[in-house]
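Enquirer: One structure is given below, represented as structure tokens, and several questions about it will come after.
The values are calculated or read from the model by the stated rules, or taken from the named source; none is laboratory data. Computed from a prediction, not measured in an experiment: that's the story for all the values here. FYI the Cβ positions are ideal-geometry reconstructions off the backbone, even for glycines, and counts take in every protein chain you see.
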Amino acid sequence: MTTLLPVHPHDPLLPALPTTVLPALAALTESLGIPRTVLASDEEIQYAWRDLPRELRDIPTNLRGELIARMCVAVSTGLFDGAMNYIWNAAILQLRTKVRNFGLPVVAQIQQSDFEEKHLVELQDSRLLELSLKLNLVNEDGFFFLDQCRDVRNNFSAAHPTLGTVNDREFTTFLNRCVRYALADASSPKGVDIGSFISAVKVARFNANQCSVWVQRLSETHDAQCQMLITMVYGIYCDPNTSEPSRLNALDICNALKAGFTSSLRSDLINKHSEYAAKGDEARHTASLQFFEKLALLTLLNESEQHAVFHRAVERLWNVHNAMNNFYNEPPFAERLLELSQQGAVPETVQEQFVQVVVCCNIGNGYGVSNAATPSYDRIIKSFSPREIATMIRLAVSAENFLGRRVNGISSCKQRFKQNLGLIDSASVPNGVRTEYEKFLK
């Protein structure tokens, strides 16, 4: 007995394909004296039409416009190459709208070059995707899959002479990615006018309403710009030429947002603090200490120098791991990190990055591992603290990070991760992750 999939209550109710459409395609090709196989088969058209409502469901009603209608008509006649072009254009138009909503003047400030409507319209699709990633309008996964769609569109859609044809499954995958990463989320973060914000911080003491407005604007923008602006006001606070009202404004903003400080932002602030110390800039270093004290974050600075050293070492290893000839170039960087880890505990501020990079490098990628670097990685993992072990397992369970994506997406990496868990003494595994630990070992 065949079990029919339930119809989702929010799926658009598309009309059934007219009984005349498919026979008309056969009659058309026959009249032209060409094989029926030059067009999508009846089965492919029926399956693509059947799957359309599920994908259309995630497109907000206000975005189901002319291009979506044309796409549906193209699908009904098996013109998947034309349908791909329509949905791609709809995705690109939505990304342009999100950039507009973010604010073209703000984009110009971030790009440090003129950026007006004409620049946005003339922007190539590849550059628009890069800008959307930079503005956090799409995440890394979205950029990856949409860039793949761009390549498929350029080579297999009606936009250009094609290299071949796509079937119903390939079209549905293309449609799903355009919807999921460009059309499904109608929200658009608004950028903060950098010049106006810095000017407001520097001009005069905030009143309660003014501070509230700026805090709200920073809260509503994306993490990357918020991090940049917080780092800028930190610099203003540490500048010996800054007036006291401006310093108080900087503290007000940071105090209101500190609960949401990400590990990346904390890392940036500590790196700046360490730079002041390294350069012998006593005035800024003293002000920086006061800044952390005022925000009740002074404990972060206990290991700031260690943090800077670990951060650089981990970052360099990761860069080498992702570069050409990584299997040959990794060993000295792995040995350097091993030496550092043997000198004392890894600072908490860089611990997650440290664990993720070491384990990612040790399980390698789809092509293998750096055999010469493996002994260093093994020794580091054997010395993981219970906290680092918990971090290792927690990251592997999630698909929202590099380690998790490798463990869950590449079978050889999953097997090597299991071998890495074998390096750990079972008694050191915290109870909070023991269930996941035992599942991996099965």
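Enquirer: Considering each of 261, 292 in turn, give the residue that is aromatic (Phe, Trp, Tyr), over 29 Å from residue 131 (Cβ atoms), crowded, with 16+ Cβ neighbours inside 10 Å and modelled with pLDDT under 90.
Expert: 292
Enquirer: Scan the stretch 57-80 for residues that are part of a helix (DSSP H, G or I) and in contact with a helix residue (DSSP H, G or I) (Cβ under 7 Å, 6 or more places away or on another chain) and report the count.
Expert: Pass one, the stretch 57-80, residues part of a helix (DSSP H, G or I): 61-63, 66-76, 80.
Right, trim to in contact with a helix residue (DSSP H, G or I) (Cβ under 7 Å, 6 or more places away or on another chain) and you get 63, 67-68, 70-72, 74-76, 80.
Looking only at that region, the number is 10.
Enquirer: Suppose the filter is under 30 Å from residue 329 (Cβ atoms), crowded, with 18+ Cβ neighbours inside 10 Å and at pLDDT below 90; does residue 308 pass it?
Expert: So residue 308 passes the test.
Enquirer: Looking at residue 126, is it hydroxyl-bearing (Ser, Thr, Tyr), assigned to a helix (DSSP H, G or I) and assigned by TED's automatic domain parsing to the domain that holds residue 42?
Expert: Yes: the conditions hold for residue 126.
Enquirer: Determine, yes or no, whether residue 269 is in contact (Cβ under 8 Å) with a residue 24 or more places away in the chain and in a helix (DSSP H, G or I). Before you say what the answer is, go through the steps one by one.
Expert: Values: in contact (Cβ under 8 Å) with a residue 24 or more places away in the chain: yes; in a helix (DSSP H, G or I): yes.
For residue 269, the condition - in contact (Cβ under 8 Å) with a residue 24 or more places away in the chain and in a helix (DSSP H, G or I) - is met.
Enquirer: Quick check on this structure: which one of 374, 391, 349 is touching a residue at least 60 places away in the same chain (Cβ under 8 Å) and not assigned by TED's automatic domain parsing to the domain that holds residue 254?
Expert: Of the residues listed, the single one that is touching a residue at least 60 places away in the same chain (Cβ under 8 Å) and not assigned by TED's automatic domain parsing to the domain that holds residue 254 is 349.
Enquirer: Another question, if that's okay. Restricting attention to the stretch 223-280, which residues are in contact with a Lys or Arg (Cβ under 9 Å, 6 or more places away or on another chain), closer than 21 Å to residue 212 by Cβ and of a type in the set (Phe, Trp, Tyr)?
Expert: Answer for the stretch 223-280, where residues must be in contact with a Lys or Arg (Cβ under 9 Å, 6 or more places away or on another chain), closer than 21 Å to residue 212 by Cβ and of a type in the set (Phe, Trp, Tyr): 234, 237.
Enquirer: Determine whether the stretch 132-146 contains at least one residue that is over 17 Å from residue 184 (Cβ atoms), polar (S, T, N, Q) and outside any helix (DSSP H, G or I).
Expert: Within the stretch 132-146 (the criterion being over 17 Å from residue 184 (Cβ atoms), polar (S, T, N, Q) and outside any helix (DSSP H, G or I)), the answer is no, since none of the residues qualifies.
Enquirer: Which ones in the stretch 117-139 are surrounded by fewer than 18 Cβ atoms within 10 Å (Cβ to Cβ), modelled with pLDDT under 90 and more than 17 Å from residue 178 (Cβ to Cβ)?
Expert: Matches in the stretch 117-139: 134, 136.
Enquirer: Which condition does residue 185 not pass, out of (1) over 30 Å from residue 39 (Cα atoms); (2) assigned to a helix (DSSP H, G or I); (3) free of Cβ contacts under 8 Å to residues at least 24 places away in the same chain; (4) not hydrophobic (A, V, I, L, M, F, W, C), if it passes all the others?
Expert: Unmet for residue 185, out of (1) over 30 Å from residue 39 (Cα atoms); (2) assigned to a helix (DSSP H, G or I); (3) free of Cβ contacts under 8 Å to residues at least 24 places away in the same chain; (4) not hydrophobic (A, V, I, L, M, F, W, C): (2).
Enquirer: Is it fair to say residue 158 is closer than 21 Å to residue 65 by Cβ, part of a helix (DSSP H, G or I) and in contact (Cβ under 8 Å) with a residue 12 or more places away in the chain?
Expert: no
Enquirer: Return the residues of the stretch 93-106 that are buried (at least 19 other Cβ atoms within 10 Å of the Cβ) and either more than 18 Å from residue 117 (Cα to Cα) or modelled with pLDDT of 90 or more (or both); say none if nothing qualifies.
Expert: 94, 95
Enquirer: Just to verify a result, which residue in the stretch 329-375, among those that are under 25 Å from the mean Cα position of the chain (by Cα) and of a type in the set (Phe, Trp, Tyr), is surrounded by the fewest Cβ atoms within 10 Å (Cβ to Cβ)?
Expert: The residue in question is 367.
Enquirer: Any residue at all in the stretch 64-78 that is under 27 Å from the mean Cα position of the chain (by Cα), farther than 30 Å from residue 37 by Cα and surrounded by fewer than 19 Cβ atoms within 10 Å (Cβ to Cβ)?
Expert: yes
Enquirer: Here are 223, 268, 252: which of them is in the same structural domain as residue 282 (by TED's automatic domain parsing), within 29 Å of residue 350 (Cβ to Cβ) and at pLDDT 90 or above?
Expert: It is 252.
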